[in-house]
Amino acid sequence: MDWQDFLSVLPFIIVAGWATILLLVDLWIPANRKGITAGLAVLGLIAAIAAVISRFGIEREAFDGMIIVDGFSSFLQLLFLGVGVIAIAQAYDYLRRRDIERGEYYILLLYSLSGMLLMASAGDLIVVFLAVELLSIPLYVLAAFAIPKADSEESALKYFLLGAFASGFLVYGIALVFGSTGTTALSGMVAAIESAETTPILLLVGSGMILVGLGFKVAAVPFHMWTPDVYQGAPTSVTSFMAVGAKAGGFAALLRIFISALPGAAVMWMPLTMWIAALTMAWGNIAAISQTNIKRMLAYSSIAHAGYIFMALPAAATPEVAPEAVRAALFYLVTYAITNLGAWGVVLAMEKAEGSGLEIEDYSGLGKKRPALALAMALFMLSLTGIPPTVGFMGKFYLFQVVIDANLIWLALVGVVTSLISAYYYLRVIVVMYMRDGEPEVRSEALLNSTIFITAFGTFFFGILPGFLLKMINQVSLLDLFR
Amino acid sequence: MTIDLVLFFGLALIAVVAAIAMIASRNAVYSALFLVFNFLTVATLYLLLNAAFIAVVQVTVYAGAIMVLFLFVIMLLGTERESIGGRIRWQMPLSIVLGLALAGELAYVLLRNDIVQGPLADLTVEFGSPASIGRVLFNEYLVPFEVTSILLLVAMIGAIVITRKQREEGK
């Protein structure tokens, strides 16, 4: 253990430590000026971004393999921190409007982010479990932030109970995998499986349970039941953060555990992940059709997108395709994050103080009243469908290509067909905005508008010129450390 | 050797009696106190096995923290007296079946003594001592240890955030 080990976890230390300091500083910030807390929180995130960038390209294991620093972790950490900055900017005005503004919001958000950062660089199943908890527990509280509003309470309670249930699966799975391989270190598991010193049945049940536990976190079918209710009931700014951050965090763990630590057991998890991917894509998109509430619609949409990203796992079971599959999943995660943050931003702008204005019908006439906002929303909807010239198209294109390379043509077909189905409900929003007459009541808040603008720009820019992003992702290699 | 055996059987008897009394007691507070008593006896059994660390943890965590929480909940909810009307009908037969199954499993593991003997031979006197646990915790498991402390802090903040709002509402 030397100073380099501590440098390896510096982003995590900065974010978690800054949250703890901010907790005390917040006591001296008057209740009507909590914007200062938000600003300070963003400063901490910027420092963490600098820390990640400064060690970009370094690959090493720290703390006896507990922490892994590589392109995969650095890339995801940048994504998480970027999501954090936007989530804080989106929350600021919204919290004031709903009269639930308190400094602890930003502090809990920072703690949740620190869990995500840890998840990206976890090299041991114990660290994975702790990171999942550190990511989730602040989210349970944030979902309850609008207490005593009944829907917020319901959302938090459902999320908490099912999340705790899922954590039980995860930790039991970890215990069984430990029983089978004799180690919790991911690198040690690779060696144990290669030397065939494992108990296959324990490994099968254990990795299956890990899959269930993390499947809950990313809202994959059949572990998705909580998603619509939780997303609908939680304060919208929390939903935005949870839909993007928690999902990316769950996938960080899934990719790391299954692709880099358990490739030797691919025969076991490949069929499971394949069916989960297919079912998730199909059910998420079909159930979204009948939704009239925009938050529920986006919740089912997020389930469907979890299915698309899940396709990377069965594809990665083919060793030659595995590196590309990881990159495609990362690219899709960025795509999903940019587009979804933007779409939720528009929902935030449309929501009225008492929590109404969330029906898709309420968007009637938006095209006339606020053309720029409607254009941005149209762009996000096209991107979620996967229509060029948006980043969503590039993400789906890359991912489907990888799946076909892995010879899973039928899975790619399911992906294409379900994308076609999804066009129906995404395009309906555009139709309502432009073709129906109405007088929508829209907010215009500087910070919120700028996040919508930035994400809309990103959706468009990376849709035409994805080269920069691809170049960055091409440096990511998940597999080198253990070989 | 004989002193050890006498101590063991004495403590084991107390532990079993306390456990039965805990179930049989009609008053929930008495039940909780009997459970504390049971935990303390088991902690002493750990001491006999030269496992000082586990003994202390058993007392502070189980007999201390968790049972105090239980007592708080029982007293705050005012459910000292058993108020639930009839018992669930299939509860008794089910518990007998499950209890017998557990006893059978335990007997199987203990009688197949080849499982127990292997790793025990390698243990040193140091094993499980507070000093050696501390060394492992602060070297090998430093990261999980520190993350756990952050996790507990977050849980504490979360609990306060959720409950404080309700108190303001009650004013």
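Before moving on, here are some points about what is shown:
- Residue in segment A:60-72 that is away from every other protein chain (no Cβ under 14 Å), surrounded by 20 or more Cβ atoms within 10 Å (Cβ to Cβ) and of a type outside the set (Asp, Glu) present: yes
- Residue that is in a helix (DSSP H, G or I), of a type outside the set (D, E, K, R), open to solvent by less than 50 Å² (accessible area, probe 1.4 Å) and within 14 Å of chain B (Cβ to nearest Cβ), where the choices are A:Ile88, A:Ile14: A:Ile14
- Residue in segment A:347-359 that is aliphatic (A, V, I, L, M), more than 22 Å from A:Arg96 (Cβ to Cβ) and in a helix (DSSP H, G or I) present: no
- Conditions (1) out of contact with any Phe, Trp or Tyr (no Cβ under 8 Å at 6 or more places or on another chain); (2) open to solvent by less than 30 Å² (accessible area, probe 1.4 Å); (3) at the interface with another protein chain (Cβ under 10 Å from one of its Cβ atoms); (4) free of Cβ contacts under 8 Å to residues at least 24 places away in the same chain; number of the one not met by A:Thr181: (3)
Here's the yes/no breakdown for (1) of a type in the set (Val, Ile, Thr); (2) surrounded by fewer than 24 Cβ atoms within 10 Å (Cβ to Cβ); (3) in contact with a strand residue (DSSP E or B) (Cβ under 8 Å, 6 or more places away or on another chain):
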| residue | (1), (2), (3) |
| --- | --- |
| A:Glu197 | no, yes, no |
| A:Pro200 | no, yes, no |
| A:Leu204 | no, yes, no |
| A:Trp226 | no, yes, no |
| A:Asp229 | no, yes, no |
| A:Gly233 | no, no, no |
| A:Gly249 | no, no, no |
| A:Ala253 | no, no, yes |
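- Residue check: A:Ile68 meets all listed conditions (1) touching a Gly at 6+ places or on another chain (Cβ under 8 Å); (2) among the β-branched types (Val, Ile, Thr); (3) assigned to a helix (DSSP H, G or I) but one, namely (3).
- Among the candidates A:Phe160, A:Phe165, A:Phe129, the residue that is open to solvent by 10 Å² or more (accessible area, probe 1.4 Å) and more than 11 Å from chain B (Cβ to nearest Cβ) is uniquely A:Phe165.
- Among the residues making up segment A:220-252, those that are of a type in the set (A, V, I, L, M) and in contact with a Gly (Cβ under 8 Å, 6 or more places away or on another chain) are A:Ala220, A:Val221.
- Inside segment A:368-421, residues that are out of contact with any Leu (no Cβ under 7 Å at 6 or more places or on another chain), surrounded by 19 or more Cβ atoms within 10 Å (Cβ to Cβ) and under 18 Å from A:Thr318 (Cα atoms) make up a count of 8.
- Residues that are more than 14 Å from A:Ile107 (Cα to Cα), surrounded by fewer than 20 Cβ atoms within 10 Å (Cβ to Cβ) and within 14 Å of chain B (Cβ to nearest Cβ) do not occur anywhere in segment A:34-57.
- Number of the condition not met by A:Ser121 [criteria: (1) under 13 Å from the mean Cα position of the chain (by Cα); (2) under 20 Å from A:Thr184 (Cα atoms)]: (1)
- Residue within segment A:385-396 that is of a type in the set (Lys, Arg), under 18 Å from A:Met281 (Cα atoms) and part of a helix (DSSP H, G or I) present: yes
Rundown of residues vs (1) modelled with pLDDT of 95 or more; (2) in contact with a helix residue (DSSP H, G or I) (Cβ under 9 Å, 6 or more places away or on another chain); (3) within 21 Å of A:Pro138 (Cβ to Cβ), yes/no style:
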{"residue": "A:Leu176", "(1), (2), (3)": "no, yes, no"}
{"residue": "A:Gly179", "(1), (2), (3)": "no, yes, no"}
{"residue": "A:Thr184", "(1), (2), (3)": "no, yes, no"}
{"residue": "A:Val190", "(1), (2), (3)": "no, yes, no"}
{"residue": "A:Ser195", "(1), (2), (3)": "no, no, no"}
{"residue": "A:Leu203", "(1), (2), (3)": "no, yes, no"}
{"residue": "A:Phe216", "(1), (2), (3)": "no, yes, yes"}
{"residue": "A:Asp229", "(1), (2), (3)": "no, yes, yes"}
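- Flag for A:Phe258 being buried (at least 18 other Cβ atoms within 10 Å of the Cβ), closer than 15 Å to A:Pro314 by Cβ and of a type in the set (A, V, I, L, M, F, W, C): yes
- Among the conditions (1) buried (at least 18 other Cβ atoms within 10 Å of the Cβ); (2) outside any helix (DSSP H, G or I), the only one that A:Val141 does not satisfy is (2).
- Counted residues, segment A:138-152 - those being within 10 Å of chain B (Cβ to nearest Cβ) and either over 30 Å from A:Ile29 (Cα atoms) or free of Cβ contacts under 8 Å to residues at least 12 places away in the same chain (or both): 2
- On inspection, A:Gly264 fails the criterion of being open to solvent by less than 10 Å² (accessible area, probe 1.4 Å) and closer than 25 Å to A:Asp70 by Cβ.
- Residue count for segment B:137-154, restricted to those that are surrounded by fewer than 12 Cβ atoms within 10 Å (Cβ to Cβ) and among the β-branched types (Val, Ile, Thr): 0.
- Summed over segment B:36-65, the residues that are exposed (fewer than 15 other Cβ atoms within 10 Å of the Cβ) and among the aromatic types (Phe, Trp, Tyr) give a count of 0.
- Unique residue being modelled with pLDDT of 85 or more and away from chain A (no Cβ under 14 Å) when the list is B:Gly99, B:Gly85, B:Gly78: B:Gly99
- Test for A:Leu23: is it in a helix (DSSP H, G or I) and open to solvent by 80 Å² or more (accessible area, probe 1.4 Å): no
The values are calculated or read from the model by the stated rules, or taken from the named source; none is laboratory data. Not measured: the values here are computed from a predicted model. Counting neighbours? That spans all protein chains shown, and the Cβs are built from the backbone with ideal geometry, glycine included. Each accessible area value is taken on the protein alone, full model and side chains, heavy atoms only, with ligands, DNA and RNA left out. Shrake-Rupley method; radii C 1.70, N 1.55, O 1.52, S 1.80 Å.
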